[in-house]
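A short write-up of the structure that comes next.
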Amino acid sequence: MLQAHHEQDTAKPTVLSGWLTRGELAAELGVSVDTLGRWAARGTGPKCVRAGRKVLYRRLLVQRWLEDQENPPAPGKRGRK
């Protein structure tokens, strides 16, 4: 019975459900935390938010960003806005 109670607790959404820390995202993408920081500074990576000292990424937006990477800009269009 204790195990069933534990399973219910883990199924509850938390305030950070759907969010990844910079370390978690770096591990999933196979890049360094520093790389994610550089991408954020340049505005080239997935959008992130700061909560105190934590940098968080919404999982859904990371997935959309990855989908956008499937179709890179045409030659000559890179870096222009």
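The values are calculated or read from the model by the stated rules, or taken from the named source; none is laboratory data. Please read these numbers as outputs of a predicted model, since none were measured by experiment. Counting neighbours? That spans all protein chains shown, and the Cβs are built from the backbone with ideal geometry, glycine included. Note: areas computed on protein heavy atoms with side chains; ligands, DNA, RNA excluded. Shrake-Rupley method; radii C 1.70, N 1.55, O 1.52, S 1.80 Å.
What the table shows:
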{"read-out": "Hits in the range 28-54 - residues which are surrounded by 13 or more Cβ atoms within 10 Å (Cβ to Cβ) and among the aliphatic types (A, V, I, L, M)", "value": "29, 31, 33, 36, 40"}
{"read-out": "Unique match (being within 12 Å of the chain's Cα centre (by Cα) and at pLDDT below 95) among 52, 23, 79, 18", "value": "18"}
{"read-out": "Every residue from the range 11-32 that is under 18 Å from residue 60 (Cβ atoms) and touching a Phe, Trp or Tyr at 6+ places or on another chain (Cβ under 9 Å)", "value": "19, 20, 21, 22, 24, 25"}
{"read-out": "Close pairs from the range 55-81: first closer than 15 Å to residue 28 by Cα and open to solvent by 80 Å² or more (accessible area, probe 1.4 Å), partner of a type in the set (Gly, Ala, Ser) and at pLDDT 90 or above, Cβ under 6 Å, at least 6 apart", "value": "59/18"}
